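Written below as structure tokens is the structure these notes are about.
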Amino acid sequence: MIPSLDDNNSLEAQFLVAQALVAASATNGQTDGFDAFREAGRIRFSSQGFPAPRTELWKYTPVRRWLKTDFSFDSGVGFSELPSSEYRGDIGSYHAVCVDGIFIPSLSSIPDKDEFEGYIGAISKAKMPLDRLLSHLETINPRTETAFDALNQSFFQDGLLVHIPHDTELAEPLYITNLVTSGSNAFMQPRTLIVAESASKGAIIDLRDHDSGITTFENSVTQIHVGSGAQLDYYHVFDRGPLSHLIRKLNVYQEADSTCSTNELILSGALVRTDLNFLPDGEGCTTNLNGFYLAQSDTHIDVHTMVDHAKPDCVSNELFKGIIGDTATAVFNGRVLVRQDAQRINAYQSNRNIVLSDTAKMFSKPELEIYADDVKCSHGATTGQIDSEAMFYLRSRGIKESVARNLLLQAFAADVLALVSVDSLRERLQEIVAERLRKQSG
Amino acid sequence: MLEIKNLHVSIEDDGTEILKGVTLTVNAGEVHAIMGPNGSGKSTLASVLAGRDGYVVTEGSVIYKGVDLLDMAPDKRAREGVFLAFQYPVELPGVSMANFLRQAVNSVREHRNQKVLSAMEFLKLMKEKAQLVQLDPSLKQRAVNEGFSGGEKKRNEIFQLAMLEPTLAILDETDSGLDIDALRVVSEGINSLRSSDRAFVIITHYQRLLDYVIPDFVHVLVDGRIVESGGKELALKLEDQGYDWLKPTESDPITA
């Protein structure tokens, strides 16, 4: 049951009140070009409301529980300098920094026009025509829409745009550092738009790893448009610590003959719910969607993926692996939809989990819906414990139990981490994961 | 070095008794062969000595170098010098041979108050010992036993034995699944590792390994008891006459 929105005490009410203030201050009496966009979001959010208990898509994540908080919707104190990051290493010349979703030029290093003809900066200052911007921002597959997308849209003030023009290559991987200001119980709704035009190429690393030590809540939307023949590698890291909450939507739209490879890495958080949606909407697309989640202490991680094969002759490869310990819960729901006209699709999905304790929970649900008749699809899901025979083998060679367990867990994570193509990121990830597992084993 | 007295062992899950009073003494430098028909308890004996889960010792004792072996965790046993060459070596995808063996060798060395090996020293040792059983040195990059042929897996066990330099090596059907050339390589490896302070317990179904690795003692295990012990000639008799002439007896087992 969705509580009545007339009731001022309903969960939705505090968001709608705050939204009205944001919408009014954003336009300041005049249109900023996005008022209709915000209003459309508000209407969708008001009519849908947050997912009701027992909603199938939120079965294991009764999200209302986490929303019963007095949130602050205003940015707090900003950052005078860039916090360090285990994942980033030295800052190159491709680094965009956003605080509460707002691009901060003074903390960023963006290549100049001679080096990079594209655009990395605030959506509001982009030279891309408004109607094109809006059409990208509004590209949401109706099959995967949620109240959180709509809420994010209704609060839209600004966001980050990465625009890689036709036939252009990002000379270095672009790092995006997403920071949240220090207001306690801050509820922030960042939005990132990545447009890789036809025949372009690049790698983007989207980091949410700064732990400010206070309760944070992010409702983030990232939209990626991969033009025909383009190749985009996209990595998202979430590691904000035990007080952080993330509701995340990734929408990837692919044109013909494009390749999009993503890796979703979740290493901490009180609540992480990600919906990763891929729509290869042209022939000859390749979609690689991979991920690794490490749920320790009482972390709750819920990963939903959806590959909507709308056009023929495409390939999707999906590998998600998880390690769940202590009293943590993890959910993997992987949906692959092959529409009737989408013939000759090869779609592979694999979800493997290791549960380390009696109190940890894992729910894995592959969903294949195939309406075309000439397809190759496979899926496999396993959830188990560390292999006792492998443990015995290692221990019989003198290796201590904790070290043996750590070796096996690292080995378990190795193949999915190996799919990270940016060498420096992959090496750091391997070290960080190994370190976390050592703590888990010890 | 090893004193097994009246050892009774059951399977934890269903309580089936497998070993029904095994007594065996092994001294440093000796090579003991344990033979017997399928299901007689040979592999159970090896498993219990190495500390595999799933077995319950209901009676008897195992003293190794003066202390109770059964009280030690499997990794502690290994650090104390017990080594089991597995009948079915385990594949460890994602764990490289180099990483695996370096962890193993250094934990054993640390325990013996020996210097921990540097990466260079370790690789040198690995190369040297791999030659002993003619393993390709490129194996260090490979995941442990993954994609190894049956023969490679068995040679890998002997290679690990050479790396870890145990005092008591238990070989569980190391000869099974080996062709004649691989058998010769493995046997030569074992022979080169024989020394006055190292004992071997070789578990085998067939006599053919014992043509190459000459045992000091041969014991026949039937239905959980050692029913016959003797010198190397006993193995030849078994090869010739099979196990049928040996009936399980209720009498006291014969000690070596």
Check your understanding: Tell me, what is the per residue accessible area of chain A in Å², probe radius 1.4 Å?
Key -> 39
Practice item. Compare B:PRO215, B:PRO93, B:PRO37 in a GNM of chain B, Cα atoms joined below 10 Å, and give the one with the largest fluctuation. Key: B:PRO93
Exercise for review: With only alpha-carbon atoms counted, please give the Rg and Dmax of the protein assembly as shown, in Å.
Suggested key: 31.7, 105
Check your understanding: Where is the GNM fluctuation largest for chain A (alpha-carbon springs, 10 angstrom cutoff): A:CYS98, A:CYS285, A:CYS377?
Key -> A:CYS377
Check your understanding: When only Cα pairs under 8 Å and 6 or more residues apart are kept, what is the percent relative contact order across the stretch A:387-442?
Key -> 39
Point to revise | Label-to-label distance, nm, for residues given as B:THR16 and A:ARG132 (7 Å Cα→Cβ offset) | key: 7.3
Revision key, fill the gap. What the Cα atoms of the stretch A:196-250 span along the principal axes, largest first and in whole Å, is 42, 16, 10
Check your understanding: Short version: ³J(HN,Hα) in whole Hz for each residue of the stretch B:167-179, in order, from phi by Karplus 6.51 cos²θ - 1.76 cosθ + 1.60 (θ = phi - 60°), x for Gly and Pro, what are they?
Key -> 9, 10, 10, 10, 10, 9, 6, 5, 7, 5, x, 9, 7
Check your understanding: Using alpha-carbon positions, what is the distance between the centroids of the stretch A:230-300 and the stretch A:152-221, in Å?
Key -> 13
Check your understanding: Which residues' amide hydrogens lie under 5 Å from the amide hydrogen of A:ASP100, considering only partners 5 or more residues apart or on another chain, with H built in the peptide plane?
Key -> A:LEU179, A:VAL180, A:THR181
Exercise for review: Taking the Cα centre of the protein assembly as shown as origin, sum charge times position over the Cβ atoms of Lys and Arg (+1) and Asp and Glu (-1), and report the length of that vector in debye to the nearest 20.
Suggested key: 1080
Exercise for review: Starting from the Cα of B:ARG208, step 7 Å along the direction of its Cβ; do the same at B:GLU233; then give the gap between the two resulting points in nm.
Suggested key: 2.5
Check your understanding: Just how far, in whole angstrom, is the stretch A:396-436 from the stretch B:156-176 if you go by their alpha carbon centroids?
Key -> 28
Revision key, fill the gap. Taking R0 as 56 Å and r as the Cβ-Cβ distance between A:ASP358 and A:SER93, the FRET efficiency 1/(1 + (r/R0)^6), rounded to the nearest 0.05, comes to 0.65
Review point. With θ set to phi - 60° and the Karplus curve 6.51 cos²θ - 1.76 cosθ + 1.60, what are the ³J(HN,Hα) couplings of the stretch B:139-149 in order, to the nearest whole Hz, using x for Gly and Pro?
Key: 4, 4, 7, 7, 6, 4, 6, 6, x, 6, 6
Practice item. Place +1 on the Cβ of every Lys and Arg and -1 on the Cβ of every Asp and Glu in chain A, take the dipole about the Cα centre, and give the residue among A:LEU161, A:GLY282, A:ILE140 whose Cα lies farthest towards its positive end. Key: A:ILE140
Point to revise | Whole-number accessible area per residue in Å² for chain B, which is evaluated in the context of all protein chains at 1.4 Å | key: 43
Review point. What residues in the stretch A:363-399 lose 40 Å² or more of accessible surface when the other protein chains are added to their chain alone (1.4 Å probe)?
Key: A:GLU389, A:PHE392, A:TYR393, A:ARG395, A:SER396, A:ARG397, A:GLY398, A:ILE399
Revision key, fill the gap. Counting only residues 5 or more apart in sequence or on a different chain, those whose built amide H sits under 5 Å from that of A:ASP233 are A:GLY202, A:ALA203, A:ILE204, A:SER261
Review point. Which whole-number percent gives the relative contact order of chain B, counting Cα pairs below 8 Å spaced six or more residues apart?
Key: 28
Exercise for review: List the residues whose amide H sits under 5 Å from the amide H of B:TYR55, counting only those 5 or more places along or on another chain, with H placed 1.01 Å from N in the peptide plane.
Suggested key: B:GLU12
Exercise for review: Determine the share of the protein assembly as shown's accessible area contributed by carbon and sulfur atoms, expressed in whole percent, with a 1.4 angstrom probe.
Suggested key: 48
Check your understanding: Once B and A are treated as a pair rather than alone, how much accessible area drops out, both sides summed, in Å² to 100, probe 1.4 Å?
Key -> 1900
Review point. Comparing the chain by itself with all protein chains present, which residues of the stretch B:23-70 are at least 50 Å² less accessible (probe 1.4 Å)?
Key: B:ARG52
Practice item. Show which lysines lie in cross-link reach of A:LYS113 when reach means a straight Cα distance below 23 angstrom and same-chain residues fewer than eight apart are skipped. Key: A:LYS125, A:LYS127, A:LYS201
Study note, to complete from the structure: With a 28 Å threshold on alpha-carbon distance, the violating pairs from B:LYS76/B:LYS232; B:LYS115/B:LYS140; B:LYS76/B:LYS127; B:LYS124/B:LYS232; A:LYS439/B:LYS76 are B:LYS76/B:LYS232; B:LYS124/B:LYS232
Review point. A:SER47 label point, 7 Å along Cα→Cβ, cut-off 18 Å on backbone N: hits in the stretch A:133-149?
Key: A:138-149
Review point. Mind checking which of A:GLY78, A:GLY325, A:GLY269 has the largest fluctuation in a GNM of chain A, springs on alpha carbons under 10 Å?
Key: A:GLY78
Check your understanding: What does the charge add up to near A:HIS304, with Lys and Arg as +1, Asp and Glu as -1, over the other residues with Cβ less than 15 Å from its Cβ?
Key -> -3
Revision key, fill the gap. Sequence order, the stretch A:109-123: Karplus ³J(HN,Hα) from phi using 6.51 cos²θ - 1.76 cosθ + 1.60, θ = phi - 60°, Hz rounded, Gly and Pro as x, gives 10, 10, x, 7, 4, 5, 8, 9, 7, x, 9, 10, x, 5, 4
Check your understanding: What number, rounded to the nearest 500 deg cm²/dmol, is the helix-based mean residue ellipticity at 222 nm of the protein assembly as shown, given -39500 (n - 2.57) per DSSP H run of at least four residues and division by all its residues?
Key -> -8000 deg cm²/dmol
Study note, to complete from the structure: Any helix of chain A counts here only if DSSP assigns it H throughout, its Cα atoms span 18 Å or more along the axis, and its mean Kyte-Doolittle hydropathy is at least -1.0, and such helices are A:11-27, A:35-48, A:401-418
Review point. Given chain A, what percent of its DSSP beta bridges are antiparallel, to the nearest 5?
Key: 5
Check your understanding: For chain A, what is the relative contact order in percent, using Cα pairs closer than 8 Å and at least 6 residues apart in sequence?
Key -> 9
Review point. So if we plug the beta-carbon distance of B:GLN134 and A:VAL17 into 1/(1 + (r/R0)^6) with R0 = 60 Å, what FRET efficiency do we get, rounded to 0.05?
Key: 0.20
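The values are calculated or read from the model by the stated rules, or taken from the named source; none is laboratory data. Computed from a predicted structure; not experimentally measured. Quick reminder, even Gly has a Cβ in these numbers, built from the backbone with ideal geometry, and neighbours come from all protein chains shown. Surface areas here come from the heavy atoms of the whole protein model, side chains and all, with no ligands, DNA or RNA. Shrake-Rupley method; radii C 1.70, N 1.55, O 1.52, S 1.80 Å.
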